[in-house]
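Participant: Sending over a structure as structure tokens; questions will come in a sec.
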């Protein structure tokens with residue numbers, strides 16, 4: 001396989017830095033850290049595009065956000081992508097990882113570097129006040145809901161099924177209440 005022309009154009013543009021950061025972080029996450037030479041980046045991108053639907057969706061997002069092309073580009077059209085993943089944010093820092101992006105909506109004012117999100121997460125509008133601002137190195141786990149005009153600081157972990165509608169300071173961990181047994185025989 002060869003690198004799609006759209007990806008080559010993106011890599012040669014001023015918009016390349018966040019995408020390169022995505023590639024480097026994905027390879028580290030997959031246990032395959034790389035030296036980011038052009039040859040290694042190309043091989044890594046082909047590997048990621050071939051094997052991970054979520055990475056194909058992130059690639060589409062980065063290409064479309066760059067404004068380098070007039071219409072929505074779909075790289076590797078013959079491979080499935082994560083169609084239930086929506087990224088509606090004009091400013092996402094490098095190192096974006098979406099793990100099992102099914103049923104995930106990411107709609108924020110801005111998102112910092114090294115953002116990690118699991119499946120079935122909703123980030124967005126609360127119906128009245130606006131959308132979140134998310135800092136660097138934030139992890140949001142399965143089923144969490146983060147809504148409203150709030151700020152999530154840097155180095156924050158939001159646990160599975162947590163509902164966050166308030167500001168979260170940096171270096172915090174937010175978790176949902178534990179499940180409890182209501183009735184037992």
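What follows draws every value from the coordinates through simple rules; no lab data is involved. Remember, predicted model here, so these are calculated numbers, not experimental data. Here the Cβ positions follow ideal geometry from the backbone for every residue, glycine too, while neighbour counts run over all protein chains shown.
Participant: How many percent of Cα pairs in the chain exceed 19 Å?
Facilitator: 58 percent
Participant: Arranged from highest to lowest average of other beta-carbon atoms within 10 Å per residue, in what order do the peptides 55-65, 29-39 appear?
Facilitator: Descending packing order for the listed peptides: 55-65, 29-39.
Participant: Now for a separate question. On a 0 to 90 degree scale, rounded to 10, what angle separates helix 38-51 from the longest Cα axis of the chain?
Facilitator: That helix lies at roughly 60 degrees to the long axis.
Participant: Moving on. Kindly provide the Kirkwood hydrodynamic radius of segment 82-167 in Å, to one decimal, from all pairs of distinct alpha carbon atoms.
Facilitator: Its Kirkwood hydrodynamic radius stands at 12.2 Å.
Participant: May I ask you to sort 1, 27 by Cβ crowding, counting other Cβ atoms within 10 Å and putting the fewest first? Walk me through the numbers before you get to the answer.
Facilitator: Working: 1 9, 27 20.
The order, fewest Cβ neighbours first, is 1, 27.
Participant: For the residue pair residue 39 and residue 182, what label-to-label distance in nm results when each label sits 7 Å from Cα along the Cα-to-beta-carbon direction?
Facilitator: The two pseudo-label positions are separated by 6.2 nm.
Participant: Still on this structure: Working from Cα positions, state the angle (0 to 90°, nearest 10) between the long axis of helix 53-66 and the longest principal axis of the chain.
Facilitator: Relative to the chain, helix 53-66 is tipped by roughly 70 degrees.
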